[in-house]
Amino acid sequence: QVLSFPMEDPFPIEAAMSEPRPNRRLAALAAHVVATSAEAAQAGHGAGRVGFMAACIGEDSRRVVDDVVRVNYTREPLKIAFSDASAADDRYGGSGAVLVLEGELMRPGSGGAVAPASGEMVLVFMHPGGVLSALPIVAALARAGLHVCAMATRYGNNDSTLHLEKVCVDLGAVVKHLREQLRYAKVVLCGWSGGGGLAALYQSLAERPPAEELSRTPAGDVVALRGFPPADGLAIMAAHTGRARILSEWVDPAVTNERDPGANRDAALDVYGPSAPKPPFSAEFVERYRAAQKARIRRITAWARERLTSLDAEATSVGTEDWRRGRRDEAFLVHCTQADLARLDAEIDPNGRSLDSLESLARENHSPVGLARFTTVRSWLSQWSIDDSIADAPKALGNVTVPVFFLVNGADNLVLPQHARDMFDAVQHARKRCHTVKGAGHYYFGQKRELQEAVATTLAWLREEGFMEAKVAQVPDAPLSVENLQAFSAPRLAARLDLRGIDHLALVSSDMARTTRFVCEKLGMPLVKTLELSGGAGDGQHFFFDAGNGNCLAYFWWRIVPPAAPGVASPLPEGRIKSEEDTHTAIGSMNHVAFAVPEGRLAEYRKTLKGRGVKVSMILHHADAPGGYAAKADDASVTWSSFYFRGPDGELFEFTEPPRGLDPAKDIAHAPRTSADLKLR
């Protein structure tokens, strides 16, 4: 496919995006993902999406890119030369065993020679058969102030002779160069689409290298699969589990004659013909279709092995001057490889994808381009054979010990959700995270909001795992003099709101009975309200104590809670919040701070904050009702209404309208839990 991109810079960033400090701005963006997701979910739209940026496509090398958020980056051409004894006979041109890989290094700043980057982290993108430097997410991560390296393999944009084992050698050369020559302290492999299986395979080989005798391709060629420098983490993005598996889901099983794909087609399996079932397909038909796809793959594999045996026999049987003596491989065509039922039937492994028309998919299927269309006997065994290719991401990820992040595109029409589930489940350790960007297509083309969410959650994961302890580009705030500070004083602050003080401070208790006795008996604060959280299932409580002047001190108690941890003073970063439980904070921590606003002005203040670029949640109506919320503010069970937002360091704030009058006889209605009920996570 030929993809075209607009050359203008499509970045309508709202007022909040003018914050000149990338770290703070992006932290706020990441923090907002869950708030908007909750709002959209309650409105019936699934996870929310937030506005960001698209890629800058077609930039010249060394061009400085500047957007409204003041994060500049430069594209530097990068060439890496190295020796590989297995390199000579499966690529066009070159100089024997010497290889030169080409790509781009995107770095914050305004250009200059590629200099050592001591202490920095770098993200590495490599795809077995494609060049990724023009992808929207690659440029967006560079715009976020990160170092990003996008390298092509020795095969460039031509995978017809590709050997995945040799691609691992290429990736190893890139990681080695970045560590040893450019002095990057941390390397994170970003496996996008078909690069996901490559990243997983490479890291598995780096951590658990095979025995020397197993360092071969399926065709028997020796490849050095040992001594790879491991990466520090994996980010698997919009990725399938491997080239062989994805082909087994896409290939047309109606083909019975590989030399003439239009002849003798199996009418019962020909979704493009008049006799086969039409979508939605029955489970029985899908199962039979998938089995036939794998059977066709195995027929081609059997033929490839026969041809390989014949070629090897020729090399030893003919005379020394016979041209066939030097023939080690043979090219062939694989027709009709674009026939995935899921592109026609949304009920197969459902997500939010749009479906293709039968006519458009038929044109793809029978066109001269397509997955695995041009290949060779040896290459087929390495990358397309489901029984021979070693690029099986779930199997590889079972050997990986570094942190793994899975970014799933929720409307991907090319990679089904089961691929991500299989890979996530295969990781044997707990340092794994998965985030689905609702509504995102495979490439993010024209999807600025979805692209922002992808970048924000990736950044959140990088911070959580400590990868961003390495320096990233920072643009300092403008300095403030004493004279400047006068503009923030009470008489002159133009942005001042009519706040009424702090409504309540919410802490976390390990034993609500003990806390109640302490606050009431020792501090003299009356108990005014108790709430049972999670619909009364015994999983959580919220007690309020009158702190005077209409203010309250409040405590949460949760059955499942982190242990006491000084310094853990806010909920998990937004990119890691998957459920209500993830908002729980440690015993003795400060969960959030709530401010009271004048009655009747909550929606007005929410609009005001949004207008000032603050990302806010929807208005929630806290109620004595199952689940703890009511749909409308005038519901008789509602105690108060509020919305949430984050501070610049991720701290959680709440604006709340004054509660209705509290009646101890009615509102103190739940026995406090104790430490005996705790379950520390």
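Things to note:
- Test for Val251: is it within 30 Å of Glu450 (Cβ to Cβ) and crowded, with 22+ Cβ neighbours inside 10 Å: yes
- Annotation: of all residues in the stretch 305-326 being modelled with pLDDT under 70 and open to solvent by 90 Å² or more (accessible area, probe 1.4 Å), the one that is nearest to Ser379 (Cα to Cα) is Arg325.
- Assessment of the stretch 385-396 against the conditions (within 30 Å of Ser310 (Cβ to Cβ), touching a helix residue (DSSP H, G or I) at 6+ places or on another chain (Cβ under 6 Å) and of a type in the set (A, V, I, L, M)) yields at least one matching residue.
- Each residue in the stretch 430-464 was checked for being among the acidic types (Asp, Glu) and over 16 Å from Gly410 (Cα atoms), and 1 of them qualify.
- Some residue of the stretch 402-416 being surrounded by fewer than 17 Cβ atoms within 10 Å (Cβ to Cβ), out of contact with any Cys (no Cβ under 7 Å at 6 or more places or on another chain) and in a strand (DSSP E or B): no
- Filtered by the rule that a residue be open to solvent by 40 Å² or more (accessible area, probe 1.4 Å) and either assigned to a helix (DSSP H, G or I) or among the hydroxyl-bearing types (Ser, Thr, Tyr) (or both), the stretch 506-527 gives Arg514, Arg517, Phe518, Cys520, Glu521, Lys522.
- Residue-level analysis places Gly273 outside the set of residues that are within 35 Å of the chain's Cα centre (by Cα), modelled with pLDDT under 95 and among the small types (Gly, Ala, Ser).
- Any hit, the stretch 390-401, residues being crowded, with 23+ Cβ neighbours inside 10 Å and either in contact with a Phe, Trp or Tyr (Cβ under 8 Å, 6 or more places away or on another chain) or part of a strand (DSSP E or B) (or both): no
- Of the candidates Thr161, Thr217, the single residue that is open to solvent by 30 Å² or more (accessible area, probe 1.4 Å) and in contact with a Lys or Arg (Cβ under 8 Å, 6 or more places away or on another chain) is Thr161.
- Of the residues making up the stretch 230-248, those that are surrounded by fewer than 22 Cβ atoms within 10 Å (Cβ to Cβ) and part of a loop (DSSP other than H, G, I, E, B) are Pro230, Asp232.
- Pairs where the first residue, in the stretch 452-466, is within 15 Å of Val122 (Cα to Cα) and the second is open to solvent by 10 Å² or more (accessible area, probe 1.4 Å) and not small (Gly, Ala, Ser), C-beta under 6 Å, 6+ apart: Trp461/Arg433; Leu462/Met468
- Considering residues of the stretch 417-437 that are hydrophobic (A, V, I, L, M, F, W, C) and in a loop (DSSP other than H, G, I, E, B) only, the residue modelled with the lowest pLDDT: Ala430
- Which listed residue is closer than 26 Å to Glu120 by Cα, in a loop (DSSP other than H, G, I, E, B) and open to solvent by 20 Å² or more (accessible area, probe 1.4 Å), from Arg154, Arg183, Arg179: Arg183
- Ser367 falls short on exactly one of the conditions (1) more than 16 Å from Thr256 (Cα to Cα); (2) touching a helix residue (DSSP H, G or I) at 6+ places or on another chain (Cβ under 9 Å), and that condition is (2).
The values are calculated or read from the model by the stated rules, or taken from the named source; none is laboratory data. These figures come from a predicted structure and were not determined experimentally. Ideal geometry is used to build each Cβ from the backbone, glycine not excepted, and the neighbour counts take in all protein chains shown. For the accessible areas, the whole protein counts, side chains as well, though only heavy atoms, and no ligand, DNA or RNA atoms are used. Shrake-Rupley method; radii C 1.70, N 1.55, O 1.52, S 1.80 Å.
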